[in-house]
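Values in this text are rule-based calculations from the coordinates and carry no lab data. Worth saying up front: this structure is predicted, and the values here are computed from it rather than measured. So basically every Cβ, Gly included, is an ideal-geometry build from the backbone, and we count neighbours across all protein chains shown.
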Amino acid sequence: MKVAIVGGGVIGLSMAYELSRRGHDVVVTERERLGRQSSWAGAGVFPASNINTAIHPLEHLEARSDQLHPVWAHDLKQQTGIDNGFQRCGGLHLARTAGEKAALAGGVGEWQRRDFQTVKLSPEELKKRFSALRCAGDESWVAWWLPGEAQVCNPQHLKALVAACQINGVKLLENCGDAELDRNAGDVVGIRIPGRGGETITADAYCITAGAWTQHIVDEVPMVPVRGQMLLYKLDAAPFAAVVNEGSRYLVPRADGHVLFGATIEEAGFDTSTTAHGLANLQQHARDLLPALTEDRLVKSWAGLRPGTFDGFAYIGPLTGSENVFVAAGHFKAGLHLAPATAEAVSDLIEKKQPKIDLRPFAPARAMILP
Ligand SMILES: Cc1cc2nc3c(=O)[nH]c(=O)nc-3n(C[C@H](O)[C@H](O)[C@H](O)COP(=O)(O)OP(=O)(O)OC[C@H]3O[C@@H](n4cnc5c(N)ncnc54)[C@H](O)[C@@H]3O)c2cc1C
């Protein structure tokens with residue numbers, strides 16, 4: 001079967017990887033460079049999950065991705081030689097204010113309901129395991145340890161996906177401008193690519209994976225771009241392996257001493273620039289949490305657009321009234337995590353197989369209720 005994919009972020013590349021492994025003939029058309037938008041800008045943190053206690057389809061999507069990530073990391077390395085940095089590094093969750101403590105208590109209750117492994121750390125244990133943190137040993141902080149959290153080095157993951165797609169014979173078209181659907185009396189009959197002289201690609205199935213820009217291609221699915229600014233530091237060595245979370249802020253140490261600190265949550269349209277205020281605020285929080293993150297250790301900063309939806313669920317499924325046009329977009333803060341299970345489910349739909357996950361909460365058609 002021939003499948004044409006619009007948008008080469010982690011979702012489009014994961015779709016191409018999965019479909020090409022199943023023997024399909026795949027073409028991806030990307031407006032700019034492959035994997036340089038939200039998927040590059042993100043942190044690559046994966047929350048804990050548990051397939052045995054998953055109830056809601058979103059919990060199943062999370063848990064299935066959690067199963068697939070180590071397998072994909074292994075297979076991608078075997079095939080391409082690129083290590084995507086996947087590691088089950090665990091996550092430390094901290095709270096200092098009354099509000100943060102209440103929110104963390106709620107989070108712990110939910111993790112325990114889902115039977116995730118959770119460990120409360122005493123001030124002494126926190127000091128022993130995370131001596132580099134400013135709060136180490138401070139009795140006024142609350143600390144919980146979640147061994148199930150993981151991380152991937154997303155730029156490496158994207159490189160590995162591109163390399164694997166190339167090996168599998170996927171046709172990757174970069175710098176092609178804004179692709180559009182070619183419709184005939186409502187039916188999609190091809191994808192028009194301006195960067196290739198207006199050439200139209202025809203296929204048996206089409207998949208729209210254009211992240212925050214998806215609504216520009218199919219206006220049936222409203223999207224909200226939510227900007228996240230991020231800092232990158234370089235220390236001589238990783239202070240610890242775990243992801244550290246406090247409220248909406250997090251610190252992600254990479255094995256080579258790089259440390260990511262993020263992220264802001266802002267509605268600023270499609271503007272991907274950073275702001276002096278946003279960066280200053282992040283820098284202050286970063287130093288406050290890990291004193292080693294001084295200004296002279298700052299390497300660079302950037303911003304990316306999380307693809308948000310009106311109800312917080314991604315759009316995963318066929319476009320309303322269509323049997324061969326699929327949408328996989330709107331994964332907001334979790335697209336790097338949810339990409340493998342999304343790719344598996346949409347590939348099943350394209351092959352007219354029953355997906356492992358109940359996709360009804362993700363149906364693009366639900367947006368039709370909106371005024
Ligand atoms: C600061 C930040 C931190 C994050 N942290 C995490 C995290 O820790 N864990 C996690 O799982 N997720 C995280 N995310 C979210 C995650 O990055 C996104 O959910 C995910 O990258 C979305 O992938 P995507 O492929 O849908 O979008 P994108 O990566 O944005 O890709 C869409 C692609 O489509 C292309 N495109 C758009 N329109 C067209 C067109 N008309 N024709 C052709 N191509 C087009 C774009 O150029 C782009 O390359 C974070 C995001 C941000 C911004």
note = Between Val259 and residues 5 or more places away or on another chain, the pairs with built amide H atoms under 5 Å apart involve Tyr233, Lys234, Leu235, Arg254
Computed over the stretch 31-106, Cα set: Rg, Dmax in Å = 16.4, 49
ask   = Which order results if His216, His69 are arranged by neighbouring Cβ count within 10 Å, fewest first?
value = His216, His69
ask   = Once phi is turned into θ = phi - 60°, what whole-Hz ³J(HN,Hα) does the Karplus curve with 6.51, -1.76 and 1.60 give for every residue of the stretch 19-24, x standing for Gly and Pro?
value = 5, 5, 5, 8, x, 8
key: Fraction of the pair-distance distribution of the stretch 176-312 above 28 Å, Cα-Cα pairs, percent   = 40 percent
message = What do you get for the angle between helix 154-167 and the principal long axis of the chain? Use alpha-carbon atoms, 0 to 90 degrees, nearest ten.
response = 30 degrees
inquiry  = In 5 Å bins starting at zero, report the fraction of Cα pairs in the stretch 254-335 per bin as a rounded %.
reply    = 3, 11, 18, 16, 14, 13, 9, 6, 4, 3, 1, 0
ask   = If you take the beta carbon distance between Asp271 and Gln354 as r and set R0 to 30 Å, what does 1/(1 + (r/R0)^6) give as a FRET efficiency, to the nearest 0.05?
value = 0.15
note = A correct Karplus calculation of ³J(HN,Hα) over the stretch 322-331, with 6.51 cos²θ - 1.76 cosθ + 1.60, θ = phi - 60°, whole Hz and x for Gly and Pro, returns 10, 9, 10, 10, 10, 10, 9, 7, x, 7
remark   = Expressed to one decimal in nm², the mean projection of the alpha carbon convex hull of the stretch 221-280 is 5.5 nm²
task = Beta carbons within 10 angstrom, averaged per residue: use that to sort the peptides 122-129, 137-144, highest first.
result = 137-144, 122-129
ask   = Taking Lys333 as the anchor, which lysines have their alpha carbon closer than 27 Å to its alpha carbon, excluding any fewer than eight residues away along the same chain?
value = Lys77, Lys101, Lys120, Lys159, Lys234, Lys300, Lys356
ask   = What dipole magnitude, in Debye to the nearest 20, does the chain give about its Cα centre under +1 on Lys/Arg Cβ and -1 on Asp/Glu Cβ?
value = 600 debye
request  = Calculate the tail of P(r) for the stretch 150-202: the fraction of all Cα-Cα distances greater than 19 Å, expressed in %.
outcome  = 50 percent
key: ³J(HN,Hα) computed for each position of the stretch 93-105 - Karplus, 6.51 cos²θ - 1.76 cosθ + 1.60, integer Hz, glycine/proline x   = 10, 10, 9, 10, 8, 4, x, 5, 5, 5, 5, 5, 4
Projected-area average for the chain over all orientations - Cα convex hull basis, square nanometres = 18.7 nm²
query = What is the gain in length, in nm to one decimal, between Glu32 and Ala365 on full extension, counting 0.36 nm per residue of separation less the C-alpha to C-alpha distance?
reply = 117.0 nm
key: Normalised contact order of the chain, rounded percent, pairs of Cα under 8 Å and 6 or more residues apart   = 23 percent
Long-range amide H partners of Asp182 with built H, under 5 Å = Val189, Gly190, Ile191, Arg192
